[in-house]
1. Here are some residues: 163, 116, 106, 83. Which one is more than 20 Å from residue 284 (Cα to Cα), hydroxyl-bearing (Ser, Thr, Tyr) and part of a helix (DSSP H, G or I)?
2. Among the helices (runs of 4 or more DSSP H) contained in the stretch 410-525, which hold 3 or more residues that are at pLDDT 95 or above, surrounded by 20 or more Cβ atoms within 10 Å (Cβ to Cβ) and not hydroxyl-bearing (Ser, Thr, Tyr)?
3. Of all residues in the stretch 99-121, count the ones that are among the hydrophobic types (A, V, I, L, M, F, W, C) and in contact (Cβ under 8 Å) with a residue 60 or more places away in the chain.
4. Inspect all residues belonging to the stretch 65-77 and state whether any of them is in a helix (DSSP H, G or I), without any contact (Cβ under 8 Å) to a residue 24 or more places away in the chain and either in contact with a strand residue (DSSP E or B) (Cβ under 6 Å, 6 or more places away or on another chain) or closer than 15 Å to residue 38 by Cβ (or both).
5. From the list 380, 384, 372, pick out the single residue that is on the phi < 0 side of the Ramachandran plot and either under 19 Å from the mean Cα position of the chain (by Cα) or of a type in the set (Gly, Ala, Ser) (or both).
6. So, in the stretch 182-199, of the ones that are over 24 Å from residue 121 (Cβ atoms) and hydrophobic (A, V, I, L, M, F, W, C), which residue ends up surrounded by the fewest Cβ atoms within 10 Å (Cβ to Cβ)?
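The values are calculated or read from the model by the stated rules, or taken from the named source; none is laboratory data. Note that this is a predicted model, so its numbers are computed, not measured. Using ideal geometry, Cβ is built from the backbone for each residue, glycine included, and neighbour counts are taken over all protein chains shown.
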Amino acid sequence: MKTKFIQFLSASLLASTVVFQSSYAQANKELVDTVNSTGLSGSFLAAQVAIDDNDDDAAVKFLERALALDPDDTNLKQELFVSLVSNGRLLDAAEIARTTPKLGTSKNLAGYVLASEAMRKRSWNNAINALKDVAGADLDKTLREITHAWALQGLGKTDEALSRIADLEGPEWITVMKNYHAGLIANAGGKQDVAAEQFQAVIDNRAVISVLTETYIRAVEAMVRNRSKADDKEKAQEVLDYGLSLLPSHSPFQAIQLQLSEDKVLKPLLTTPQQGMAELFYNIATAIRRDGAGNFSKTYLQISGSLAPKSDVIQIALAELYLQQGDYEKSNSYYELVAETSPFLRIARLEKATNLSRLEKKEEAITELKALIESNPKDLTGYLTLGNVFSREERYQEAADTYDKAVTVIGEAKSFHWNLYYRRGISYERLKQWDKAESSFMKSLDLSANQPEVLNYLGYSWVDQGINLDQGMDMIRKAVELRPRSGFIVDSLGWAHYRLEQYEEAVRALEKAVQLMPQDPTINDHLGDAYWQVGRKLEATFQWNIALATKTPADNPEEIKKKLAEGLQAKVEDAAKAE
């Protein structure tokens, strides 16, 4: 749950508004008391707000309350069903799916939920029957057919399962899913060479890496494990080397490398139909999450987690999804499920510590991160994460000290270390130690010349100080060329023109920046200043008003209020007098 206010009508008789602040601190009692005192219409409205706010716990409780008051409302049942799935309550969701014949647009999801329940019970034929009413285009067809194939594998019908998958047709991503799960099914059925052919087909299709990243990497791991089991050590190492060339710091690859170096035979990636269906829904969820389909992704991941509750990749994916939605408590609840033996454990602990800092538990986060660094002093990620926590707290000296230690640890800097020097540069710039900051930024660009953030930061800093003006503007222009959709970087270009008194150019750049980020108060403020300087005073006032409306008290809006009252020229005159 996130700390936000949920507004809803409390009871239809009172016709009043109740505000509920959802937070783990006071939590359940306040929520339960509020729910119990809310009428039908109030419960329904509060549930809608909770759903929009991704507050699954509150949504379920309000919908349960509404359904208790109107038990025959099919629409309420449908909404409660979806919310139960999103909240990971698959058993309760399955009960609704069994007893409610018409779930409208949730019909397919109901089929998957019932199929997953049957798969957990090893009721393979019931799983197949549950899928009969699932209909739809490419996505649902793929989920239905591959789940059906895994149920056939549960019945010991490996060849029939492979044949069913082979009939799948569609876009390139369906081919990848078909090949990957055919490999997993063949592997589970003892057909190791057939499995290797299917895994290799996925690996050879490199065009899908950016779209199906997680699935592609899992296929690489599956292939390495397959060849290890087949005693083809040379091929296993060859594929692993390829995987490491793509992701040198990928924890599972590093763990596998250690096992291969110790001449151990690797276990298959998965072996059971339950794990197979879980893998399928995990694959789809992580793919559609990239397109912003967070709620669909969540339901698929919850189905996946119910089938493979000990899967570290699924727990990590759920934790990341709740992190993206700003629910740091819920995110940490999934990071905590990652097993002590998992290669993802360190990542989970690092992310958990970062979430603690977001939850204002700064000292707890810092203690945890220092312990992680002490346990593995050569792991750069710990230093970067701790430095970020210090930076967010504006404890820039401690951040700089942390990055300095990291620099001594890495030894000879590689290209991928550019980010360490960039962050160190920011810390020293905030400490007004410009020589050290500039040196760090230059080192970052030496390591990786085309990093738009670094080009933008260093270029703007030079222009702002009135030094290296041509080189600084060239850097900012290059940053814009590399990131033309970044409102912040385009704003830097506009504001650099402004500082150089190139007001017409400033207006053009800042208008584009506002189009990219129309509600950013700093960019609106900058555009207002530029408009004023070119004589477009009415438009300047309009932009300042927008900036003032979107600023928080911490943003110090007094300067904008003064500009609105007196205009920009008065501010310039004040500055001249002060100087």
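1. 163
2. Qualifying helices (runs of 4 or more DSSP H): 418-430, 452-465, 469-482, 487-499, 503-516.
3. 4
4. Scanning the stretch 65-77 turns up at least one residue that is in a helix (DSSP H, G or I), without any contact (Cβ under 8 Å) to a residue 24 or more places away in the chain and either in contact with a strand residue (DSSP E or B) (Cβ under 6 Å, 6 or more places away or on another chain) or closer than 15 Å to residue 38 by Cβ (or both).
5. 384
6. Across the stretch 182-199, the extreme among qualifying residues is 194.
Residues checked against (1) free of Cβ contacts under 8 Å to residues at least 12 places away in the same chain; (2) under 30 Å from residue 92 (Cβ atoms); (3) over 25 Å from the mean Cα position of the chain (by Cα):
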{"residue": "189", "(1), (2), (3)": "no, no, yes"}
{"residue": "216", "(1), (2), (3)": "no, no, no"}
{"residue": "226", "(1), (2), (3)": "no, no, yes"}
{"residue": "236", "(1), (2), (3)": "no, no, yes"}
{"residue": "247", "(1), (2), (3)": "no, no, no"}
{"residue": "269", "(1), (2), (3)": "no, no, no"}
{"residue": "273", "(1), (2), (3)": "no, yes, yes"}
{"residue": "283", "(1), (2), (3)": "no, yes, no"}
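Quick grid of which residues meet (1) more than 21 Å from residue 329 (Cβ to Cβ); (2) free of Cβ contacts under 8 Å to residues at least 24 places away in the same chain; (3) not hydroxyl-bearing (Ser, Thr, Tyr):
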| site | (1), (2), (3) |
| --- | --- |
| 349 | no, yes, yes |
| 353 | no, no, yes |
| 357 | no, no, no |
| 372 | no, no, yes |
| 375 | yes, yes, no |
| 379 | yes, no, yes |
| 385 | no, no, no |
